[in-house]
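Chemist: Pasting a structure below so you can have a look.
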Amino acid sequence: MITIIDYGMGNLRSVSKALTHVGARCRFVDTGSQLKGSKKIILPGVGAFGDAMRELKNRNFVEPLANSIAKGAKLLGVCLGLQLLFETSEEAPGIKGLGFLQGKVRRFRSAREKIPHMGWNDIRITGKHPLLKGIRSGDYFYYVQSFYGEPQLKKITKATSRYAGRDFAAVIGNGQIAATQFHPEKSQTTGLKLLANFMRW
């Protein structure tokens, strides 16, 4: 059973439909107390960092999520869900993130390329991770982002993509925490493969 966090800022139906397609059972939770007993958790996200953190706090997700990870649950952050794992974001100065990963979320800046970064982009695998089983450098995934996570520990970046003149973290893995900047649920065959890997992880 995969638990999907519903805090009012995620394309939950697309995520659950993709999980069902790969044979996973899933459930939605909208308060932190409902996380009890969860073994696999997905933190999706579409929208703004500050608004998302306010909703997570208002629905009492922060401490129960940290406790679930401490008890052995595996967490997958998706898009904004990846960014929320960091300590701070340039999108919302003064608002603390979950702080599960050391580092910051930065804004893309480019005089030539459109922001947000929207559409298909390929990845370059830089490290091993169970999420990436059967996925290769050069495979394409679907992105919608104006910001990107910058881990303090470079080794936790397991795959990168390139946009606006820079490489950025596309897949992050650190212990029981993993995250993708792209949307696997919108990434067709490769995205479904990654979600199936999470189900088996």
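Chemist: Return a yes/no flag: does the stretch 73-95 have any residue that is touching a residue at least 40 places away in the same chain (Cβ under 8 Å), at positive phi and assigned to a loop (DSSP other than H, G, I, E, B). It would help to see each step written out before you state the result.
Modeler: Start the filter on the stretch 73-95 by keeping residues that are touching a residue at least 40 places away in the same chain (Cβ under 8 Å), which leaves 73-86, 89-92, 95.
Pick out the ones that are also at positive phi and you get 79.
Cutting the leftovers down to assigned to a loop (DSSP other than H, G, I, E, B) gives us 79.
Yes, because at least one residue in the stretch 73-95 is touching a residue at least 40 places away in the same chain (Cβ under 8 Å), at positive phi and assigned to a loop (DSSP other than H, G, I, E, B).
Chemist: Are any of the residues in the stretch 109-126 under 15 Å from His183 (Cβ atoms) and part of a helix (DSSP H, G or I)?
Modeler: So far as the stretch 109-126 goes, no, none of its residues is under 15 Å from His183 (Cβ atoms) and part of a helix (DSSP H, G or I).
Chemist: Continuing with the same structure: Taking the stated definitions as given, is Val105 assigned to a strand (DSSP E or B), touching a Cys at 6+ places or on another chain (Cβ under 8 Å) and within 26 Å of Thr3 (Cβ to Cβ)?
Modeler: Considered against the rule, which asks whether it is assigned to a strand (DSSP E or B), touching a Cys at 6+ places or on another chain (Cβ under 8 Å) and within 26 Å of Thr3 (Cβ to Cβ), Val105 comes out as no.
Chemist: Mind checking which residues of the stretch 12-24 are over 17 Å from Leu131 (Cβ atoms) and buried (at least 18 other Cβ atoms within 10 Å of the Cβ)?
Modeler: Leu12, Ser16
Every read-out reported here was derived from the displayed coordinates using simple, explicitly stated rules and does not represent laboratory data. Note that the structure is a prediction, hence the values are computed from the model and not measured. Virtual Cβ from ideal backbone geometry, glycine too; neighbours counted across all protein chains shown.
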